[in-house]
Amino acid sequence: MTYVVPRSVVDAFYQAYISRDPEQIGAMLDDDVEWHVAGPVEVMQVCGYWRGKAAVIDRFARIPQIIDFKRLDTEFLLMDGDCSAFFGRITSTQRESGRLISHRVAHVVRYRDGKVVYFRVINDSLDAAEQFIGHRINLTDDAPTLCNDFVGV
């Protein structure tokens, strides 16, 4: 039989995630968890790939040096089988500059036996990167765009 994640497990995971406490988060993770936060690592040091419970716990222990988490606002939280999908907004303060960083974010999470085995974050990375660096990123007129590629097709 396929594992169906109970709502209580998803709620407990997000309570731990919002707490930002590495030990609370660690209690919700499978030993071999895959944790991937998409975005430009050079600009947003919270992005990257971590494999294994210890690596993810270490990530959360170091995050407060980069950002001070403020809140996670939920627009949608859906569950289907062994997965949950989240869409909302994350807000934090960048430690180095004191800038408030607030951008859209989506999560795809897979669970097994009450633990997170896969966590994928998709950030609105252009918006977030501009906030991290403190100015708009110049997208030149000669840069290819999806819309220009299909004009006249």
Task: Test: LEU72 is surrounded by 14 or more Cβ atoms within 10 Å (Cβ to Cβ) and closer than 30 Å to ARG136 by Cα - done: yes
TODO: Scan the stretch 35-50 for residues that are among the aromatic types (Phe, Trp, Tyr) and without any contact (Cβ under 8 Å) to a residue 60 or more places away in the chain and jot them down.
DONE: TYR49, TRP50
Task: For ASP21: the one exception among (1) of a type outside the set (Gly, Ala, Ser); (2) over 24 Å from GLY81 (Cα atoms); (3) surrounded by fewer than 13 Cβ atoms within 10 Å (Cβ to Cβ) - done: (3)
Task: Residue match in the stretch 1-17 (condition: among the β-branched types (Val, Ile, Thr) and free of Cβ contacts under 8 Å to residues at least 60 places away in the same chain) - done: no
TODO: Answer yes if at least one residue in the stretch 116-132 is of a type in the set (Val, Ile, Thr), more than 19 Å from ASP11 (Cα to Cα) and in contact with a helix residue (DSSP H, G or I) (Cβ under 8 Å, 6 or more places away or on another chain), and no otherwise.
DONE: no
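When you scan the stretch 1-62 for helices (runs of 4 or more DSSP H) that lie fully inside it, which ones turn up with 1 or more residues that are modelled with pLDDT of 95 or more, acidic (Asp, Glu) and farther than 18 Å from VAL105 by Cα? Before the answer, list the steps.
Details: elements: 7-19, 22-27, 53-62.
Filter on the stretch 1-62 gives 22-27, 53-62.
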Open item on the list: Give me the residue from the stretch 75-89 that is exposed (fewer than 12 other Cβ atoms within 10 Å of the Cβ) and of a type outside the set (Phe, Trp, Tyr) and, out of that set, farthest from ASP30 (Cα to Cα).
Closed with: GLU75
- [ ] Report whether or not SER92 is surrounded by 18 or more Cβ atoms within 10 Å (Cβ to Cβ) and of a type in the set (Ser, Thr, Tyr).
- [x] yes
Open item on the list: Looking at the stretch 70-98, I want the residues that are farther than 23 Å from VAL43 by Cα and have a partner that is of a type in the set (S, T, N, Q) and not in a strand (DSSP E or B) with Cβ atoms under 8 Å, at least 6 apart or on another chain. Which pairs are those?
Closed with: GLY81/THR2; ASP82/THR2
Task: Hits in the stretch 92-115 - residues which are in contact with a Lys or Arg (Cβ under 9 Å, 6 or more places away or on another chain), among the polar types (S, T, N, Q) and more than 22 Å from GLY26 (Cα to Cα) - done: THR93, SER102
- [ ] Scan the stretch 76-125 for residues that are in contact with a His (Cβ under 8 Å, 6 or more places away or on another chain) and charged (D, E, K, R) and jot them down.
- [x] ARG89, ARG120, ASP124
Task: Members of the stretch 95-124 found to be at pLDDT below 95 and either outside any strand (DSSP E or B) or surrounded by fewer than 14 Cβ atoms within 10 Å (Cβ to Cβ) (or both), listed by number - done: ARG95, GLU96, SER97, GLY98, ARG99, LEU100, ASP124
Task: Within the stretch 66-98, considering residues that are of a type in the set (A, V, I, L, M, F, W, C) and over 24 Å from GLU130 (Cβ atoms), the one nearest to the chain's Cα centre (by Cα) - done: ALA85
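The values are calculated or read from the model by the stated rules, or taken from the named source; none is laboratory data. Since we're looking at a predicted model, the values are computed, not measured. Positions of Cβ are generated from backbone atoms using ideal geometry, with glycine treated the same way; all protein chains shown enter the neighbour counts.
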